[in-house]
1. Counting only residues that are farther than 25 Å from residue 105 by Cβ and surrounded by 13 or more Cβ atoms within 10 Å (Cβ to Cβ), which one in the range 250-276 is nearest to the chain's Cα centre (by Cα)?
2. Please determine, by comparing only the residues of the range 97-109 that are in contact with a helix residue (DSSP H, G or I) (Cβ under 7 Å, 6 or more places away or on another chain) and in a loop (DSSP other than H, G, I, E, B), which one is nearest to residue 268 (Cα to Cα).
3. How about the range 53-91: which of its residues are out of contact with any helix residue (DSSP H, G or I) (no Cβ under 7 Å at 6 or more places or on another chain) and either modelled with pLDDT under 95 or part of a loop (DSSP other than H, G, I, E, B) (or both)?
4. Across the range 110-146, what is the number of residues that are closer than 23 Å to residue 217 by Cα and not in a loop (DSSP other than H, G, I, E, B)?
5. Tally time: how many residues in the range 147-177 are within 22 Å of residue 210 (Cβ to Cβ) and either in contact (Cβ under 8 Å) with a residue 40 or more places away in the chain or part of a helix (DSSP H, G or I) (or both)?
6. Could you list, in sequence order, the residues of the range 204-232 that are over 17 Å from the mean Cα position of the chain (by Cα), over 18 Å from residue 120 (Cβ atoms) and surrounded by 17 or more Cβ atoms within 10 Å (Cβ to Cβ)?
7. List the number of the failed condition for residue 120; all other conditions in (1) within 29 Å of residue 15 (Cα to Cα); (2) crowded, with 19+ Cβ neighbours inside 10 Å; (3) touching a strand residue (DSSP E or B) at 6+ places or on another chain (Cβ under 7 Å) hold.
8. Quick check: is even one residue across the range 40-50 loosely packed, with under 15 Cβ neighbours inside 10 Å, at pLDDT 95 or above and touching a helix residue (DSSP H, G or I) at 6+ places or on another chain (Cβ under 6 Å)?
């Protein structure tokens, strides 16, 4: 069955096209969603990539990140009547498996939702990220709205009131990057359409791309299919930094070990400059699997 790769990108056309070329396969469909404010000309994008038409300006930490994905998923579902999963990638991801090996790995995972997820809350084993939605996030909005939300947040703190997820749903969070089945994607889009209050709520949350999909999937019948793992190798600095480290040549052995253990289909973050010594090693690793 076809697999769909959705790549979110905003810079470095050469790196985007290299990723598309690595995934080019008769059994893979590739969609590219370019940030509308990107300076990349769509005409220069690899011809194998289908481009998302409903592009928006994406701003870090805001609902625009979620909306860009929802726009992409709506187009994919409308254009591709049958596929196994949508694998959501950053343009700074790089495949660790050959296309043949990736097909085999995904076939084993058929019927599973590959979603890194953890419950949000104060208990041990939970993620203390409830502050992200309990008050109104004053992200990329006009000055009057920022002022109104600031005053409202102060009032809420004084009276001891916080916001809660609509419908009494238990909140979940996790990585922005996942792989979800067509059935799950269709259910998500249907729920967004039928429950507009969900979008209104998450529009004023902080970094909702790490909350929205986890919360909706884990509060749905698809919860039973979630593996809790997105099969990505990511290296975190360990100092509480918001962003993962850019991978370099010295990281290759750790990446290789993760691939051999079956725990990683992709790695991130790759930078065309800083990762210049690593990429040839990754290419050789993939070629050796062919």
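The values are calculated or read from the model by the stated rules, or taken from the named source; none is laboratory data. Note that the structure is predicted; figures quoted are calculated from it, not measured. With ideal geometry, Cβ positions are generated from the backbone for all residues, glycine too; neighbour counts draw on all protein chains shown.
1. Initially, the range 250-276 is screened for residues farther than 25 Å from residue 105 by Cβ, giving 250, 271-274, 276.
Filter once more, keeping what is surrounded by 13 or more Cβ atoms within 10 Å (Cβ to Cβ): 271-272, 274.
On the way: 271: 18, 272: 20, 274: 23 Å.
Among them, the one singled out is 271.
2. Per the criteria, the residue is 97.
3. Selection gives 55, 59, 60, 61, 62, 80, 81, 82.
4. Total meeting the criteria: 10.
5. If we filter the range 147-177 for residues that are within 22 Å of residue 210 (Cβ to Cβ), which is where we start, we get 149, 153, 162-177.
Okay, now just the ones that are also either in contact (Cβ under 8 Å) with a residue 40 or more places away in the chain or part of a helix (DSSP H, G or I) (or both), so 149, 153, 165-177.
Residues that pass the stated criteria total 15.
6. Within the range 204-232, the subset over 17 Å from the mean Cα position of the chain (by Cα) is 204, 219-225.
Filter once more, so that each one left must be over 18 Å from residue 120 (Cβ atoms): 221-222, 224-225.
The answer is 222, 225.
7. Here residue 120 clears every test but (1).
8. Yes: the range 40-50 contains one or more residues that are loosely packed, with under 15 Cβ neighbours inside 10 Å, at pLDDT 95 or above and touching a helix residue (DSSP H, G or I) at 6+ places or on another chain (Cβ under 6 Å).
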